[in-house]
Amino acid sequence: MDKAVRAPKKARDTGLRSLIDERLECSVATDPATAGPTEQYLALAELARGRLASRWVATQRKEAAAKARRVYYLSMEFLIGRTLDNALGALELREPIAQALAAEGRNFDEVIACERDAALGNGGLGRLAACFLDALATCELPSWGYGMRFEYGMFSQAIVDGRQVEEPDPWLADGTPWEFPRPATQYLVHFGGSADHAGEWNEWHPAHTVVAKAFDHVVPGHGTEHASTLRLWKAAAPAHIDLSAFNDGDYSRAAELKNHYEHISWVLYPNDSTQAGRELRLRQEYFFVSASVQDILARHLAEHGRLDNLAEHVAIHLNDTHPAIAVAELMRLLVDKHGMAWKDAWAQCRRIFSYTNHTLMPEALESWPLSVMQAVLPRHMRIIYRINQDFLDEVAARHPGDVALLRRVSLIDEDGERRVRMAYLSVVASHRVNGVSKLHSDLMVHTIFADFARLYPERFHNKTNGVTQRRWLAQANPPLSRLIDARVGPEWRLDLDRLQGLREAAEDADFRAAFGAAKHDNKRRLAAHIAATQGLAVDPACLFDVQVKRFHEYKRQLLNVLHVITRYNAVRAAPDAGWVPRCVIFAGKAASSYHMAKQVIRLIHDVAAVVNHDPRTRDLLKLVFLPDYGVSLAELIMPAADLSEQISTAGTEASGTGNMKLALNGALTIGTEDGANIEIRDQVGADNIFIFGHSAEEVEALRRGGYRPSDLYARDPALREALDQIRDGFFSPYERDRYRDVYHSLVHTDHYLLLADYADYVATQASVDTVYRDADAWRRKAILNVAGMGPFSADRAIREYAADTWRIAPTR
C-alpha cells in the first residue's frame, strides 16, 4: 500500500478549540465554559461526523462514477464498540484534541467514556466483521456491510448473588450521533401466507408485511480519505398504531400492531428454546437479508440498468449461516420480480455468493424445521426444494446409485424432524467457501463438508482471521504504541509486518525495560478499574492471567477454574513455597438459555468469594470476574494481560481472534493446538508460547477408544480434591448440591475432555510461573510475540479475500 503514514500530530492553534466550541454552541446548545464530558463528547462527535460524511459522499460518488465492483458483507453481528476514538484516529485528530482538552484541564478518556458501546453483536463473529469493515475501508476497497439495527443488543449482563442476570441494553435510548437515517431508503419485507406455482410461474401471497428502514454508519479508512458503509435495518410497522383502537380507549391493542412488527429488530439472538423464539430468529435473519438484497439490486439497477451482468459487479459474502437465506431471496427477486429464467438466475447466484464457515460442531450448524420455514417463508421453501432437487440430480448423475451420498448432502435433513440445512445451502450456492484458520479449514473438508469437498474440491480454501491493529494496538494501548513508534516508526498502523523490526529490539535491555514499564502502566489502569467496580485490590506486579470470551463448554473456562481451585489448595497447603502471585481474570457472557455456561459463571463467583477472602492466599491468588464484557472493556483488559488463556478442546475453535489481540498487546499464550494458536506458535516461536493438551487427532482417538473420565478422577489426587470440593459444596456451603451437575458432567461424560488435558494444563501453568519469575526473560518473550503478529492483521485477510474470493480492487 503506497499510502503515507504520519506520526500523531501535535496540538494545533486555537482553531481546533474554536471548532469544538462552535459545535458545543450550534449542535449541542451548550455554553463551552460549562460543558461537561457528555456535552464535549457530543460536540466532538458532531465535528468528526461532518468530516466523515464528506469523505463518505466523495467515496460513493467515485465508486458510482466508476461503476465499481463491490463486495456486500452480510453479517448478523457487527461488534463495532465505541466510534469516537476510532473516528478521531482516522481523521488524525486524536492527539490534537486530547491535548486541546488537557490544556483546559479536561480529561480525554473521560469524554471518550461517555459513549456507550453499540450493542450490535456478542462475540468473535461480530468483532471479526467490524475489523473487516475497518480493513476494507483502509484498503480502499468498494464495500458495504449489512446488518440489523438492534435496539437492545443481546443483553446487558448483570451479576446478582454470583448469577448472570440478563437486562436490556438500551444503547439507543438517547440516540447516537453516528448514524445517518435514510428515510428515502425503505423496503417491504413479507412473511407467511401461501405460495402458488405452476411450471415456471410463481406467486407469493404473504400474510404480513414489515417496513425495513435504513440507517447508515460511516466506516472510515485510516491513512486514506476512503470511507465505507455499514447499513443497518430497523423494522417498522406499516402503520404506527391502530388509531381506531386508540380512540376506543383500547390503548394496549392500539400499540399491539406496532410492537408485533418492530420487535423483529429489538434483540439479538432471542431465546430460541420456544417455537415463538425460533420463528422470531428466522424472521430476523430474513428481514435483514431481504432488505439488503433488495438494496443491492436497486443500486445495481441505478448504475447499470440491467441484471444480466449482476455477477460482474456484485459479490455477496455470507458471514456464517445467519444470512444464508439470502440465496433463496436473491433467486426469488430475480425470478419472481424481475422475470429472469431460473437457469440464468442460478448461474448468477453461483458466481455472486461466497461463504465463511465459523464452526466445526455439527450441532452448531444452523438448520430450520421445515414446519417453521414453511410457516414463515413459504415461497422460499419452494425455492429451496428446487435448488435441492437440481443439486441432487447433478450429484446422482456424477455418482449413480449412491443413495447414501444423496441423503448425506441433501439440503433437507430427513433424519427425525425434517430440517433445512442452511450451511449446505450456503455451500451449494457459493463459488468459494473458506475456513478461518489452517487447522479449521483442513478439518472442515474432512468432517462437516467432506462430501462437498469431494464434489467441489476447488471451492474450499483457507482465510485465517485477522484483527485491526488500529483499534487493538494503536487505540487500545497508547503506551506500547508510542514505544513501537519510537523504535520502528508509525507505518505499522497500515503494514503490521513492520512489527518484525521489534525482533532486534527484544535483545535490547533498555527496550525491554521500557516495554515492561508500558505493560505496568496498563496493568495499573486495569487494577484501578477492578478496585473501582469490584472493590478488590489487585497488585499490578502480579501475573495477570486472562480468559475473556463468550462462555461455552468447548472454550473450557471450567478447566481454568479447576486450575484455580488446584492452585488455591496447593497455596493453602504450602503458602511459603515461593508462589508467583497471580490474578485470574474472567469476562464474558453466557447465552440466556445456556444453563451449564451460566453455572460456570456462578461457580467462578463462589470460588472467588472463598479465594479472595482467605488470609493464607489473599496476596498470592486473586480471582476476578468483570461483568458485561464488550469491546470497550476488552480494550482495557487486553493491554494489561500477561497470560492469554486459549484453552479450547483441540478441533473445536475455528480460529479465535482474542488470541491475536492479546498476543499483539504482549501477552504470552497458554493454549491447545487449536484454531489459530498453531499459526501463532509458528510466527512467535515455540519457545515463546505455552502449548499443552491433546491434539485434534488425539482427541478423536480418545473418543473412539472409549474415553473414561472417571478413571482420571480416580487416579489424580489433586483433580479429585478439586472436583470433590465442587460436588460437596465447599464453595457453596449454603447450597451444597449447587454444582453436582457440574461434577457429574465432568466425571461421567466430559464431552470436551477437560479431565484428559487437566494434568498437562496444570504442569504447563507451573512452567508459566517459572518463566514469569525471570521478569526480563518474560519481557523478551512478550516482545517477540508482538513482533510475530504481522500475519494476523485484518488487512492481510481482506486483501486475500479481495484477490481470491471477491475479485475487487480499489477504485482509482
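Here the stretch 600-659 and the stretch 355-383 have alpha carbon centers that stand 35 Å from each other.
For D169, the residues whose modelled amide H falls within less than 5 Å of its own, excluding neighbours fewer than 5 places apart on the same chain, are S156. Convex hull volume of the C-alpha atoms in the stretch 359-477, normalised per residue: 146 Å³.
3J(HN,Hα) couplings calculated from phi for the stretch 665-680 with the Karplus curve 6.51 cos²θ - 1.76 cosθ + 1.60 (θ = phi - 60°) are, in sequence order, 9, x, 8, 7, 8, 10, x, 8, 7, 9, x, 7, 3, 5, 5, 4 Hz; Gly and Pro show x.
Here the Karplus relation 6.51 cos²θ - 1.76 cosθ + 1.60, evaluated at θ = phi - 60°, turns the backbone of the stretch 219-234 into coupling constants of 10, x, x, 10, x, 7, 8, 5, 9, 9, 10, 10, 9, 10, 10, 10 Hz, with x for every Gly and Pro. Could you work out the helix-only [θ] at 222 nm for the chain, with each DSSP H run of four or more residues adding -39,500 (n - 2.57) and the total divided by the number of residues, to the nearest 500 deg cm²/dmol? About -14500 deg cm²/dmol. Here the chain carries DSSP beta bridges of which approximately 45% are antiparallel, counting only pairs with both residues inside. Residues in the chain average 37 Å² of solvent-accessible surface per residue, probe 1.4 Å, ligands and nucleic acids excluded.
Give me Rg over Rh for the stretch 551-641, both radii from the alpha carbons and Rh done the Kirkwood way, two decimal places. Ratio of gyration radius to Kirkwood radius for the stretch 551-641: 1.00. Shape class for the stretch 51-166: oblate, because the ratio a/c of the largest to smallest gyration tensor axis (alpha-carbon atoms, square roots of eigenvalues) is 1.5 or more and b/c is at least a/b.
What does the charge count around P400 come to, taking other residues whose C-beta lies under 14 Å from its C-beta (Lys +1, Arg +1, Asp -1, Glu -1)?
So the surrounding residues net to -2.
Straightening the chain between E110 and D508 buys 139.7 nm, computed as 0.36 nm per residue apart minus the Cα-Cα spacing. Counting only protein heavy atoms and a 1.4 Å probe, tell me what percentage of the chain's accessible area is made up of carbon and sulfur. Carbon with sulfur: 51 percent of the solvent-accessible area.
Ranked highest first by the average count of other Cβ atoms within 10 Å around their residues, in what order do 128-137, 37-46 fall?
On the way: 128-137: 27.7, 37-46: 21.8.
Top of the packing list down: 128-137, 37-46.
Under a 5 Å amide H cut-off, with hydrogens placed 1.01 Å from N, M148 pairs with W233 among residues at least 5 apart or on other chains.
What is the mean projected area of the alpha carbon convex hull for the stretch 132-176, to one decimal in square nanometres? Present the calculation step by step, with values, prior to reporting the outcome.
Numbers: hull surface 19.8 nm².
That works out to 4.9 nm², a quarter of the Cα hull's surface.
Counting every Cα pair in the chain, what percent are over 37 Å apart? Of all Cα-Cα pairs in the chain, 45 percent lie more than 37 Å apart.
The values are calculated or read from the model by the stated rules, or taken from the named source; none is laboratory data. Here the structure is a predicted model, which is why all the values come from computation and not from measurement. Backbone-built Cβ (ideal geometry, glycine too); neighbour counts: all protein chains shown. Heads up: the accessible areas ignore ligands, DNA and RNA and are worked out on the full protein's heavy atoms, side chains in. Shrake-Rupley method; radii C 1.70, N 1.55, O 1.52, S 1.80 Å.
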